[in-house]
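The values are calculated or read from the model by the stated rules, or taken from the named source; none is laboratory data. Keep in mind that this is a model prediction, so the values were computed, not measured. Virtual Cβ from ideal backbone geometry, glycine too; neighbours counted across all protein chains shown. Calculation scope for accessible area: heavy atoms of the full protein, side chains included, ligands and nucleic acids excluded. Shrake-Rupley method; radii C 1.70, N 1.55, O 1.52, S 1.80 Å.
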Amino acid sequence: KSRERALQALYQVDVGRAAPRAALDAAAAAEDAVALDAEQQAFAVELVTGVVDNLADLDTTIQKASTNWRVERMAKIDRNVLRLGSFELKFRTDTPAAVVINEAIELGKAYGTAESSAFINAVLDKVAKDLGRK
């Protein structure tokens with residue numbers, strides 16, 4: 001739930017609709033939003049803040065791991081799922097890499113295209129290997 005909320009907020013930030021905190025508030029206020037408890041909300045805030053604060057570094061990490069795809073040319077959902085996953089792989093080492101990748105794949109299936117999950121899996125698997133997490 002936290003990752004889903006973070007993805008929704010990061011999408012809004014990416015398309016220039018909102019600042020990070022406002023994007024989180026908008027995602028929480030959406031008609032179909034699932035309520036988050038305090039811990040889940042704190043994790044969503046950490047994810048969004050972490051991605052935004054480390055955006056250039058994360059995009060470089062993703063770029064190195066993706067073959068024939070520039071980050072700015074990726075679908076917005078895929079790009080933001082990869083940013084979330086890369087942030088967790090790089091900065092949240094308490095979460096096993098397999099869990100991070102699986103959660104990202106599920107977000108890709110739910111919000112992306114038919115090809116998103118395979119693309120996300122391949123790139124995050126490479127990111128994890130490059131970071132020594134696999």
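Restricting to the range 22-45, what's the tally of residues that are touching a residue at least 12 places away in the same chain (Cβ under 8 Å) and not small (Gly, Ala, Ser)?
Let us first name the residues in the range 22-45 that are touching a residue at least 12 places away in the same chain (Cβ under 8 Å), namely 23-24, 26-28, 30, 33-34, 36, 40-41, 43-45.
After this cut, where a residue has to be not small (Gly, Ala, Ser) as well, the list is 24, 34, 36, 40-41, 43, 45.
Of the residues in that region, 7 qualify.
Evaluation of residue 49 against the conditions (1) farther than 20 Å from residue 85 by Cα; (2) in contact with a Pro (Cβ under 7 Å, 6 or more places away or on another chain) shows that the sole unmet condition is (1). When the range 8-23 is filtered for residues that are over 17 Å from residue 77 (Cβ atoms) and either of a type in the set (Lys, Arg) or surrounded by 17 or more Cβ atoms within 10 Å (Cβ to Cβ) (or both), the ones remaining, listed by number, are 20, 21. Among the residues of the range 26-59, how many are part of a helix (DSSP H, G or I) and surrounded by fewer than 13 Cβ atoms within 10 Å (Cβ to Cβ)? So the answer is 5.
I'm trying to understand the selection: among the residues of the range 95-134, which are of a type in the set (D, E, K, R) and under 17 Å from residue 3 (Cβ atoms)? Spell out how you get there, then give the answer.
Taking the range 95-134 and keeping what is of a type in the set (D, E, K, R), we get 103, 106, 109, 115, 125-126, 129-130, 133-134.
Correct list: 103, 106, 109.
Of the helices (runs of 4 or more DSSP H) that lie entirely inside the range 60-134, those containing 1 or more residues that are closer than 17 Å to residue 46 by Cβ and open to solvent by less than 70 Å² (accessible area, probe 1.4 Å) span 76-91, 97-111.
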